[in-house]
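A quick write-up on the structure given underneath.
The values are calculated or read from the model by the stated rules, or taken from the named source; none is laboratory data. In this text the structure is predicted, and so the values were computed from the model without any measurement. Ideal geometry is used to build each Cβ from the backbone, glycine not excepted, and the neighbour counts take in all protein chains shown. Only protein heavy atoms, including side chains, enter the accessible area calculation; ligands, DNA and RNA are left aside. Shrake-Rupley method; radii C 1.70, N 1.55, O 1.52, S 1.80 Å.
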Amino acid sequence: MKLCFSTLGCPGWDWEEIFATAKDLGLDGIEVRGIGKHIYVPQAKAFLPQNLDKTLGQLKQAHMQLPILSSSAVLGVEGKMEEGIKEACEYIDLAQKCNTPYVRVMITEKAAPGMKVDIAACVENYRKVCEYGALKGVMPLIETNDVLADSVRMAEFLAEVDHPNMGVLWDVHHPYRFYHETPKLTYQNIGKYVRHLHVKDSIFTDNQVQYRMMGYGDVPVFDTLALLKEHGYDGFISLEWLKRWNDELQEPGIVFSHYVNYMQFLLGQI
């Protein structure tokens, strides 16, 4: 299994600081979800056409990858679907140029259930994006968020989509926290579709989620890693530290270093 972090965790950093930190920590890659003020990555300086070759050259020289570009594309909310399809396709175009295999899409922008969703429309929209991605050699991954964090509903959703170019981004936190699923149950339902993982830790107190550095919450990360090893998963595990949306969280320099040390310890135990 390979380690990376999402740039969601370091919204104040430019690309050079992101790259240097990942390299110094010995990470295998970087998951790109915004850089500095640009949450929309195709507009970020390092990924503009005139700078892309330099950026990719840096990564190649450091033996690092861009395993996934995480878009904000929403495919199941009325009023946002057309924009979501457009964004997903634009990210797929960039991923093809970066030799990046995956792009993240969502049914809604929320982690927990509660928004009004149109699952039938999301099925059609996601299938369209899968078809477009197939032409470009890029697989769009639908995240386990909102109602699709329920792995039974996710399995039903994928059965409806029924496209060879579909896959899942398993955010381990959401099925556990919002649907009380064990990693084993989630994997039984959707494991064959999982291509990329998000990890983060939290506790649930005073009727709300409070995020914690890895190992300081109760999310069953070790059980997840053991399960993945048992089934031969060799993809990326990405820390999604939600600093961009929660400024009060600890600073990325501390959190990323702790993440690497903690994950290496856990991986050494399985």
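Residue check: is Glu160 in a loop (DSSP other than H, G, I, E, B), free of Cβ contacts under 8 Å to residues at least 60 places away in the same chain and of a type in the set (Asp, Glu)? Against the criterion (in a loop (DSSP other than H, G, I, E, B), free of Cβ contacts under 8 Å to residues at least 60 places away in the same chain and of a type in the set (Asp, Glu)), Glu160 does not qualify. For region 128-151, the set of residues classified as under 15 Å from the mean Cα position of the chain (by Cα) and in a helix (DSSP H, G or I) consists of Asp146, Leu148, Ala149, listed by residue number. For region 209-227, a tally of residues being closer than 14 Å to Leu242 by Cβ, among the polar types (S, T, N, Q) and open to solvent by less than 40 Å² (accessible area, probe 1.4 Å) returns 0.
Okay, residues lined up against (1) of a type in the set (A, V, I, L, M, F, W, C); (2) more than 19 Å from Ala111 (Cβ to Cβ); (3) exposed (fewer than 15 other Cβ atoms within 10 Å of the Cβ):
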residue	(1), (2), (3)
Asn207	no, no, yes
Tyr233	no, yes, no
Glu240	no, no, no
Pro252	no, yes, no
Leu266	yes, yes, no
Ile270	yes, yes, yes
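Kindly establish whether Tyr216 is among the aromatic types (Phe, Trp, Tyr) and under 20 Å from Asp150 (Cα atoms). No, not satisfied.
A single entry from Ile203, Ile190 fulfils the requirement of being over 24 Å from Lys86 (Cα atoms), touching a strand residue (DSSP E or B) at 6+ places or on another chain (Cβ under 6 Å) and crowded, with 19+ Cβ neighbours inside 10 Å: Ile190.
Of the residues making up region 133-153, those that are closer than 21 Å to Leu69 by Cα and crowded, with 18+ Cβ neighbours inside 10 Å number 12. Among the helices (runs of 4 or more DSSP H) confined to region 1-106, the ones with at least 1 residues that are in contact with a helix residue (DSSP H, G or I) (Cβ under 6 Å, 6 or more places away or on another chain) and more than 20 Å from Glu240 (Cβ to Cβ) are located at 49-61, 81-98.
Within region 166-200, the set of residues being of a type in the set (D, E, K, R) and without any contact (Cβ under 8 Å) to a residue 24 or more places away in the chain comprises just one member, Lys192.
Per the conditions (1) open to solvent by less than 10 Å² (accessible area, probe 1.4 Å); (2) over 28 Å from Val32 (Cβ atoms), the sole criterion not satisfied by Ala159 is (1). Among the residues of region 170-206, write down those that are outside any helix (DSSP H, G or I) and either over 17 Å from Glu240 (Cα atoms) or touching a Pro at 6+ places or on another chain (Cβ under 6 Å) (or both). Scanning region 170-206 gives His180, Glu181, Thr182, Phe204, Thr205, Asp206. Of all the criteria given as (1) open to solvent by less than 10 Å² (accessible area, probe 1.4 Å); (2) part of a helix (DSSP H, G or I); (3) of a type in the set (S, T, N, Q), the one not satisfied by Asn125 is (1).
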